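The values are calculated or read from the model by the stated rules, or taken from the named source; none is laboratory data. Here the structure is a predicted model, which means the values were calculated and not measured. We place every Cβ from the backbone using ideal geometry, glycine too, and count neighbours over all the protein chains shown.
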Amino acid sequence: MAPERLKAPRGTFDVLPADGERRRSLRTAAERLLGGAGYAAFESPVFEDTALFARGVGESTDIVSKEMFTFEDQGGRSLTLRPEGTAGACRAYIEHGMHKRPAPVKLSYWGPFFRHETPQAGRYRQFAQVGAEALGSDDPSLDAELVLLLAELLEQAGVAQLRLRLSSLGDAPTRAAYGEELRAHLRAREHELSDEVRARIDQNPLRAFDSDHPGTRAVMADAPLLVDRLGEADAEHFATVRALLDDAGLAYDLDPTLVRGLDYYTRTVFEFESAALGAQRGVGGGGRYDGLVAQLGGPPTPGVGWAAGIERILLAAAAAGGDEQPEAEPTVYVAVAKPEAARRAFGLARALRLGVDARVELEQAGRSLKGQLKHADRVGARAVVIVGETIEVKDMRSGEQRSARDEHELMRLVMGP
Ligand code: AMP
């Protein structure tokens with residue numbers, strides 16, 4: 001009996017070549033954009049001590065309480081596949097004494113993240129995020145800069161029907177006082193709330209704004225709003241962020257009900273949505289987290305950042321018709337005219353890869369010469385180098401064929417006029 005065929009685990013996917021090329025070109029664009037604003041490439045491990053997320057992201061959040069891939073290693077330590085990138089970046093900032101570097105320390109990353117969610121379109125158990133963080137300064141221009149960089153990235157990627165939601169959560173004491181006020185409001189109308197919201201009044205009353213339950217929504221329509229309770233410094237900080245976005249001509253909706261699913265945010269929070277997506281419309285979001293580094297045992301350090309989902313960016317761009325392949329690189333095809341020439345052709349392909357600014361492909365599947373020329377056409381080769389007794393270079397556009405006496409002349413002919 002044939003062995004059973006295995007499949008990729010539920011909620012995961014393989015990136016096949018066409019998608020791989022689109023991801024690569026998005027990554028290149030993101031690196032150019034973020035690098036150009038001083039966000040240096042940063043990487044941290046794909047798994048961390050579970051305690052980092054429990055302390056950093058918050059025990060009561062969905063991410064930590066329900067969605068983490070947690071396992072024990074052979075030494076009995078509890079490890080977790082990272083569900084998000086900010087906690088790891090802050091852990092590394094502390095561990096490597098980055099607070100001694102000139103502020104702000106700007107980092108950017110790209111990589112896989114893991115959440116045990118119910119899979120659906122745009123929601124997976126392993127997904128990729130691009131992200132950026134600025135640590136060590138609470139200057140509101142960093143908040144605005146980061147929002148604008150994400151807007152620029154999404155626009156370059158061709159994400160259509162974008163909407164930016166923006167709010168401010170104030171500082172920790174304001175949030176705490178507001179939390180009490182909101183709890184009192186919820187308790188006064190407890191019987192109207194969904195069971196889930198009622199069960200979490202103490203733990204996380206803010207999440208009630210996220211509820212779809214009609215009774216809860218009615219209660220929330222009359223709820224006090226945090227933006228109306230901001231202290232003077234926080235209100236001023238938020239006003240500056242908004243003024244900078246206004247100057248840049250970026251439209252946004254002030255949304256006092258914006259609640260991000262992570263506990264560490266203070267002051268600015270934002271989220272980009274694309275109406276081109278279905279239920280999972282969040283393409284990227286973030287905010288300021290001025291207490292997180294201290295909470296993880298580091299010196300008091302403000303920070304702000306965002307993360308955006310690669311799969312959702314590409315889905316939203318595809319919905320807007322932006323899923324054509326990135327333009328193919330110029331390609332040179334090295335054909336083998338007779339078997340004895342295979343060794344020479346192999347060496348010439350290597351030399352060409354080092355010498356010319358083009359993709360160089362070599363015949364490696366035993367095709368006839370006719371089949372090779374057909375294949376060269378299929379891969380869009382600009383020139384074919386035919387290696388036999390002689391070395392010929394065929395220009396695929398003009399059909400013209402010329403001999404090269406040596407490697408030097410070969411390079412010249414391949415590169416064309
Ligand atoms: P969050 O930190 O939860 O706001 O996530 C940031 C971005 O990552 C979201 O806006 C999504 O684009 C993406 N994302 C989060 N969770 C998933 C998931 N389970 N599958 C695919 N993308 C996700």
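For every residue, the table says whether it meets (1) within 16 Å of the ligand (Cβ to nearest atom); (2) closer than 15 Å to residue 302 by Cβ; (3) among the basic types (Lys, Arg).
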site: 74; (1), (2), (3): no, no, no
site: 80; (1), (2), (3): yes, no, no
site: 84; (1), (2), (3): yes, no, no
site: 91; (1), (2), (3): no, no, yes
site: 108; (1), (2), (3): yes, no, no
site: 118; (1), (2), (3): yes, no, no
site: 124; (1), (2), (3): yes, no, no
The one condition in (1) assigned to a helix (DSSP H, G or I); (2) under 24 Å from residue 101 (Cα atoms); (3) touching a helix residue (DSSP H, G or I) at 6+ places or on another chain (Cβ under 7 Å) that residue 299 fails to fulfil:
(1)
Quick one: would you say residue 148 is assigned by TED's automatic domain parsing to the domain that holds residue 303, crowded, with 22+ Cβ neighbours inside 10 Å and at pLDDT 95 or above?
no
In this structure, does residue 362 turn out to be within 16 Å of the ligand (Cβ to nearest atom) and farther than 23 Å from residue 153 by Cβ?
no
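Every residue, every condition in (1) basic (Lys, Arg); (2) closer than 29 Å to residue 24 by Cα; (3) out of contact with any Gly (no Cβ under 8 Å at 6 or more places or on another chain), yes or no:
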| residue | (1), (2), (3) |
| --- | --- |
| 263 | no, no, no |
| 290 | no, no, no |
| 315 | no, yes, no |
| 318 | no, yes, yes |
| 334 | no, yes, yes |
| 339 | no, no, yes |
The conditions are (1) over 30 Å from residue 158 (Cα atoms); (2) in contact with a Leu (Cβ under 7 Å, 6 or more places away or on another chain); (3) of a type outside the set (Lys, Arg), and residue 313 fails exactly one of them. Which is it?
(1)
Only one of (1) acidic (Asp, Glu); (2) surrounded by fewer than 20 Cβ atoms within 10 Å (Cβ to Cβ); (3) not in a helix (DSSP H, G or I) does not apply to residue 340, and that is (3)
Selection from segment 276-290 of residues within 14 Å of the ligand (Cβ to nearest atom) and part of a loop (DSSP other than H, G, I, E, B) yields 276, 277, 278, 279, 280, 281, 289
Checking residue 259 against (1) over 24 Å from residue 273 (Cβ atoms); (2) β-branched (Val, Ile, Thr); (3) not in a helix (DSSP H, G or I), which single condition isn't satisfied?
(1)
Within segment 293-300, can one find any residue that is closer than 20 Å to residue 177 by Cβ and of a type outside the set (A, V, I, L, M)?
yes
If you check 328, 335, 349, 316, which single one turns out to be more than 16 Å from the ligand (Cβ to nearest atom), assigned to a helix (DSSP H, G or I) and among the small types (Gly, Ala, Ser)?
349
Going through segment 50-70 one residue at a time, which ones are small (Gly, Ala, Ser), touching a residue at least 24 places away in the same chain (Cβ under 8 Å) and buried (at least 18 other Cβ atoms within 10 Å of the Cβ)?
56, 58
What about residue 248, is it within 29 Å of residue 318 (Cβ to Cβ) and more than 16 Å from the ligand (Cβ to nearest atom)?
yes
Are any of the residues in segment 34-43 within 16 Å of the ligand (Cβ to nearest atom), under 21 Å from the mean Cα position of the chain (by Cα) and surrounded by fewer than 12 Cβ atoms within 10 Å (Cβ to Cβ)?
no
Residue check, residue 8 among the hydrophobic types (A, V, I, L, M, F, W, C) and loosely packed, with under 13 Cβ neighbours inside 10 Å:
yes
What number of residues in segment 291-308 are buried (at least 23 other Cβ atoms within 10 Å of the Cβ) and either of a type outside the set (A, V, I, L, M) or within 16 Å of the ligand (Cβ to nearest atom) (or both)?
7
Looking at segment 80-102, which of its residues are without any contact (Cβ under 8 Å) to a residue 40 or more places away in the chain and surrounded by 17 or more Cβ atoms within 10 Å (Cβ to Cβ)?
80, 81, 82, 83, 98
Restricting to segment 222-249, give me the number of residues that are buried (at least 16 other Cβ atoms within 10 Å of the Cβ) and assigned to a loop (DSSP other than H, G, I, E, B).
2
Would you check which residues across segment 367-388 are part of a loop (DSSP other than H, G, I, E, B), at pLDDT below 95 and of a type outside the set (A, V, I, L, M, F, W, C) and list them?
380
